[in-house]
Amino acid sequence: MNDMSAIAKTNASAPTDAERDSAYVRIAHVTKKFGDFVAVDEVSLDIRRGEIFCLLGGSGSGKTTLLRMLAGFERPSAGTVYIDGVDMSTIPPYERPVNMMFQSYALFPHMSVEKNVAFGLEQEGQSRDAIQRQVGEILDIVKMNGFAARKPHQLSGGQRQRVALARALVKRPKLLLLDEPLAALDKKLREHTQFELLNIQQRLGVTFIVVTHDQEEAMTLGQRLGVMNHGRIVQVGTPSDIYESPATRFVADFIGSVNMFEGRVSDERTEGVRLECDELGAALRAERTVSCTLGATVWAAIRPEKINISRRPPPSADAGAPENSVRGVVREIAYMGDMSIYLVQLGSGKMVRVTLPNTTRGRERPIAREETVWLSWHGSSPVVLTE
Amino acid sequence: MPRLTQSTGRRLIAGIPTLWLLLLFLIPFLIVFRISLSEVRLAIPPYTPLIAWHHGKPSLELHGSAYSFLFTDSLYVSSYLYSLKVAAVSTLCCLLIGYPMAYAIAHARPATRTVLLMLIVLPFWTSFLLRVYAWIGLLKNNGVINNVLLYLGVIHQPLALLQTDFAVYIGIVYSYLPFMILPLYTNLEKHDPTLLEAAADLGARPLRAFLAITLPQSLAGILAGSLLVFIPAVGEYVIPTLLGRTDQLMIGRVLSDEFFENRDWPVASAVAILALLLLVVPIMLFQRLERRELESGA
């Protein structure tokens, strides 16, 4: 699935360098308070023209409030939102060059599909012919042209989602805000719709800002992600930046699963750092430069798929003080079909999660529960985090 | 629970209101209908019997004279028309006053909402009759309103407020306003606020959004409230009698006069039957709308 989205992204009509550099949406030091509660805390963010930007965070992280401020439903307590260089502070929602797809879809229940989609164009006072033509076009794009006369309650969840998308796109906005666009769809439909959204975004050249709590949705849809926590943006980057080089323990833990080891910096050189980890019962060497002082407490994060599991000790373990390898006992194995998850208990009692792809069929004597195994990883795998 | 008991229980529960309607609505209606088809006579009861005996043979005695009489005297037709007009104007006033109030209550914060709803219902704690009498004290020539206006020098002669159409409208709108507000509130409170956000997002200014989204979705509430005001207002007796004109009667007053002063029960019954027919149309309309609402599964 990740491969497919990568292909889709490279096929995107390439914007010129100047366009790419211009921040289409600029969020400058925006804070939003509800009474004493700070929903959005000093957020600054630039979103480029034509990109798909995903705001990812748990519930209460402030991502939806930020989106609502872009749409104009909430006013920032402090700070400014610029869209295409224009200060949006005093511009009401109905005058913004923005359309939104609501999580609940917010289709007008007393209007037919056609009327729902035409609503935005009618507000512009376009002629009836022009409206009918554009409604027909957009319903073609979302493959809903056979349902123009239906009322929303006569549609399935997936069909409603398409109508909501059509209604938001029919005015050809430069910026489309999507609030949990796929949350109400079942898994099969979600994957299908994800790629359709990408496809439509590329055809129409719209800038998408997507709010989601689903990391998989964010990874497949977003060209860049902004991870939010407690009203702040914790990290902004491409999906692989965020997955491979998380900036904080929160991000490492929120995106995908991770094994986290607390340790003290015992050696610090240009080619990497060495940590003493009590939980690991061994030394850990990370080939990454991080600014940390000797003796400081830091955390090493290792993704489950970056750990090898074997019955024989790795060569490095033969030397007296083993680095990046540790012995443990397999406690649980979950067979997922395409891969297996092993839960390995170390001497300290710490559980480590390891995933292995099942690349060959009927491998000779697979590793079983309660077997003693060696875990090892390459020095490039751990990410050292200071906060 | 065994199936038999279940269906018996269901029948029992449906049976009680059925019995109620049968005893207290259908049978009295049939009695009134039967009286309307007789002729007045000086006796107890004061109307001709349904079955007369001629030479030992029974014969059915049905007279249409009470009905035809209603159209010979312009009093009745004009009373019907006046009642419809008063009810229609009062309903419209209730709607115009009640809609913004219901809207405000539905959009108030939950704690405020409870207080506001309480205030709407509060007048019911005093007798309806007392409240209408209170309006006499406010509206009469040396009443509160005239005295205040005279004192302030706004007027030099007391205004004739009592025994006018105006006083009847005040009385009806004041008394029936809660019946407009409550169903409207119930309807408006259910509206999804994100629909208005969606309308704004698509470029609709607040007034346009109200007209295109809120108003059509509250039609059922408007109709329910209007019928709850209109139907009893047509037959209203107390308010026009206490506050209204003496030269133009409403149909409720005509009916009571026929019964108790003229003791012409057949004509009084015919007045009642015709008034009921006038109201059946809006009631049927109401039921059809309710059913449609249920079917659409809102």
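We did not get these values from a lab; they are worked out from the coordinates using the rules stated. For clarity, every value in this text was computed on a predicted model and none was experimentally measured. Don't worry about glycine lacking a Cβ; one is built from the backbone with ideal geometry, like all the others, and counts go over all protein chains shown.
Annotations for the structure displayed:
- Potential extension, residue B:10-residue B:89 segment - 0.36 nm per residue separation minus Cα distance: 24.2 nm
- Listing B:259, A:261 from fewest to most neighbouring C-beta atoms within 10 Å gives B:259, A:261.
- The range A:67-192: C-alpha gyration tensor shape, a/c 1.5 cut-off, then a/b vs b/c: oblate
- For the range B:151-196 and the range B:225-262, distance of Cα centres in Å: 19 Å
- Taking amide H atoms as placed 1.01 Å from N in the peptide plane, the amide H of residue A:52 lies under 5 Å from those of A:208, A:223, A:224, each 5 or more residues away in sequence or on another chain.
- Gyration tensor verdict on the range B:73-296 (Cα atoms; rounded if a/c is under 1.5, prolate if a/b is larger than b/c, oblate otherwise): oblate
- Distance from the Cα centroid of the range A:143-182 to that of the range A:226-301 is 42 Å (rounded to whole angstrom).
- When the charge dipole of chain A is built from unit charges on Cβ atoms (+1 for Lys and Arg, -1 for Asp and Glu) and taken about the Cα centre, the candidate among A:35, A:314, A:210 whose Cα reaches farthest toward its positive end is A:210.
- Where a label projected 7 Å from the Cα of residue A:297 along Cα→Cβ would reach, residues of the range A:238-254 with amide N under 15 Å: A:249
- Computed E for residue A:348/residue A:42 - FRET, C-beta separation, R0 45 angstrom, nearest 0.05: 0.70
- Modelled FRET efficiency - R0 45 Å, residue A:129 with residue A:202, Cβ distances, 0.05 increments: 0.95
- Every helix of 4 or more DSSP H residues in chain A counts as -39500 (n - 2.57), and over all residues that averages to -7500 deg cm²/dmol at 222 nm.
- Distance between modelled label sites at residue B:247 and residue B:77, nm, 7 Å Cα→Cβ extension: 2.0 nm
- Length-normalised contact order of chain A in % [C-alpha pairs under 8 Å, at least 6 apart]: 15 percent
- The count of lysine pairs in chain A whose Cα atoms are under 26 Å apart, excluding pairs fewer than 8 places apart on the same chain, comes to 27.
- Take every pair of alpha-carbon atoms less than 8 Å apart whose residues are at least six positions apart; their mean separation over the length of chain B yields a relative contact order of 25 percent.
- Given R0 = 60 Å, the distance between the Cβ atoms of residue A:372 and residue B:122 translates into a calculated FRET efficiency of 0.15.
- Straight Cα distances below 15 angstrom link residue B:140 to the aspartates and glutamates B:165, with same-chain residues fewer than 8 positions distant left out.
- Spin-label pair residue B:276/residue B:144, simplified geometry with 7 Å Cα→Cβ offset, distance in nm: 4.0 nm
- When B:11, A:26, A:365, B:131 are sorted by how many other C-beta atoms sit within 10 angstrom of their C-beta, beginning with the fewest, the order is A:365, B:11, B:131, A:26.
- Taking A:199, A:259, A:358 in turn, the Gaussian network model of chain A (Cα-Cα springs below 10 Å) assigns the largest fluctuation to A:358.
- Peptide A:110-122 - average C-beta neighbours from other chains (10 Å radius): 3
- All alpha carbon pair distances within the range A:107-175 were sorted into 10 Å bins beginning at 0; the resulting P(r) in whole percents reads 23, 59, 18, 0.
- Each residue of the range A:251-258 is assigned a 3J(HN,Hα), and the resulting list reads 5, 4, 6, 6, 9, x, 10, 8 Hz, derived from the Karplus form 6.51 cos²θ - 1.76 cosθ + 1.60 (θ = phi - 60°), x at Gly and Pro.
- Part-to-part distance (alpha-carbon centres) for the range A:51-86 and the range A:327-387, which is given in Å: 40 Å
- Here the residues B:192, B:201, ranked from fewest to most Cβ neighbours within 10 Å of their Cβ, fall in the order B:192, B:201.
- Between residue B:33 and residue B:164, the modelled labels are 4.4 nm apart [label points 7 Å from Cα along Cα→Cβ].
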